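Please read the structure below before turning to the comments.
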There are 2 protein chains.
Amino acid sequence: MSRRERAESELTLTERARRRQLIEATVELVAEHGYAGTSLARIAERAGITKAAVLYHFPSKDAVVRAAHEHVLTALVAEVATAVEAAEPARGPAAYIRSMIGHLREHPRHTRMITEAMTNDAAKHESAERWRPLAQILEAAGPNPRADLRTLAIIISGGIDAIVAEQLGDPAYDTAAAAEQLVALVETELSS
Amino acid sequence: MSRRERAESELTLTERARRRQLIEATVELVAEHGYAGTSLARIAERAGITKAAVLYHFPSKDAVVRAAHEHVLTALVAEVATAVEAAEPARGPAAYIRSMIGHLREHPRHTRMITEAMTNDAAKHESAERWRPLAQILEAAGPNPRADLRTLAIIISGGIDAIVAEQLGDPAYDTAAAAEQLVALVETELSS
DNA sequence: GTCTATACCCCGATAGAC
DNA sequence: GTCTATCGGGGTATAGAC
């Protein structure tokens, strides 16, 4: 709803420590019990304070969860961006797919946090924020006569989500191999 | 958790009418307000009875929502199965994609109900129930040297979900065109 | 067999004391 | 900055009216 009221630099030291502590507790709890199973009381308990104290540092439960979501998303976006920029444009889509699936495989708790956040209405994230960067990467990879890049980006994102979700339910599922298969599918399409 | 205790035929007339009424009310409410925004009190209010009366017909709120979810899913599965069986095996994947996206476009309320159910823990649906039938359709479509069919099925399902979700956020999005693009992608892959 | 009334406990949030 | 107290509302369980 509203932007961050104060800049990070204006926060007290203890304030920043508390926020970080609460965010970490929230990421763990959402990973373990999902959004609905994560109550203010549990977050407070894990941080050693009371419900009301949590609501002193954040205006609402949704704000806590949103902060935790952003924390985790920032790390993901940074890693994917680095990987894509390090690749030559033609391999951008492959770098995007591999780094995103790889990051989520290495941070399963973050994964649950992100998937939970996508569904709960806090996800006022315009879906465009998800597909537009990928569509640009696809465009930079070269001319593509056949596909609408928005739809292709949406399909790829959905495929990534489904692969990652599959591993959540079946830890033995080989997401690296799945990533390679998705990469092959996309590169075939881009050169068709 | 447990199977249906009594067969449909053993239910009272009023019981069946009430269940249907409650399921319809729940589908509408979940479509309008999401799972979290759908309370027993609202379901009861829309049906003209009290919370406790709802819990006479169903053992819990989750059971009501699960019944509503199954109701909607049954219609989807039936339509898709009919379309796939009517197609020659080689066009099975195309029929699957087109009929599923088409059905969800024509029943937006069902769509919200299904996507909400997928995330909330009531989704004890082994994901295998989703990808295995599609993997069989892919297998029946012909020999496929390159792709692991489980992963291909997972990617296709994710793509379908993402396309349908996109339309929920942007009603102007052309899901029919997106379906054709996904069909083309899959058929290219299957003939590679 | 169908339903109402009631009561319980947990949740998110607010007010105000320390 | 953190607490207790309290509120409205949620899901659930039971007693008992009809």
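Averaged over the residues of peptide A:177-184, the number of Cβ atoms from other protein chains lying within 10 Å of each residue's Cβ is 4. Each of A:Leu11 and B:Arg109 was given a label point 7 Å from its Cα along the Cα-to-Cβ line. The distance between the two points is 4.4 nm. Is the shape of region B:115-187 best called rounded, prolate or oblate, per the rule: a/c under 1.5 gives rounded, else a/b larger than b/c gives prolate, else oblate, with a ≥ b ≥ c the square roots of the Cα gyration tensor eigenvalues? Taking the square roots of the gyration eigenvalues as a ≥ b ≥ c, region B:115-187 is oblate.
I'd like to compare B:134-141, B:74-81, A:180-187: which one has the highest average count of other Cβ atoms within 10 Å, and what's the full order after that?
On the way: B:134-141: 18.9, B:74-81: 14.5, A:180-187: 20.6.
My ranking of the peptides, most packed first, is A:180-187, B:134-141, B:74-81.
Helical content of chain A, expressed as a calculated mean residue ellipticity at 222 nm, amounts to -24000 deg cm²/dmol (DSSP H runs of 4 or more residues, -39,500 (n - 2.57) each, divided by residue number, nearest 500).
For the chain pair B and A, the buried solvent-accessible surface (1.4 Å probe, both sides summed) amounts to about 2300 Å². Between region A:125-155 and region B:60-108, the C-alpha centres lie 27 angstrom from each other. Could you work out what % of the accessible surface of region A:27-132 is carbon and sulfur, using a 1.4 angstrom probe and leaving DNA, RNA and ligands out of the count? Reported share for carbon and sulfur atoms: 55 percent.
Taken over the protein assembly as shown, lysine pairs spaced eight or more positions apart, or on distinct chains, with alpha carbons under 17 Å apart number 4. If a/c stays under 1.5 just call it rounded; otherwise compare a/b with b/c (prolate if a/b is bigger, oblate if not). Do that for the protein assembly as shown, with a ≥ b ≥ c from the square roots of the Cα gyration tensor eigenvalues. Oblate is the answer for the protein assembly as shown, as a/c is 1.5 or above yet b/c matches or exceeds a/b. The mean accessible area for residues of the protein assembly as shown, using a 1.4 Å probe and ignoring ligands and nucleic acids, is 52 Å² per residue.
The values are calculated or read from the model by the stated rules, or taken from the named source; none is laboratory data. All values reported here derive from a predicted model rather than from experimental measurement. With ideal geometry, Cβ positions are generated from the backbone for all residues, glycine too; neighbour counts draw on all protein chains shown. With ligands, DNA and RNA removed, areas are computed over all heavy atoms of the protein, side chains included. Shrake-Rupley method; radii C 1.70, N 1.55, O 1.52, S 1.80 Å.
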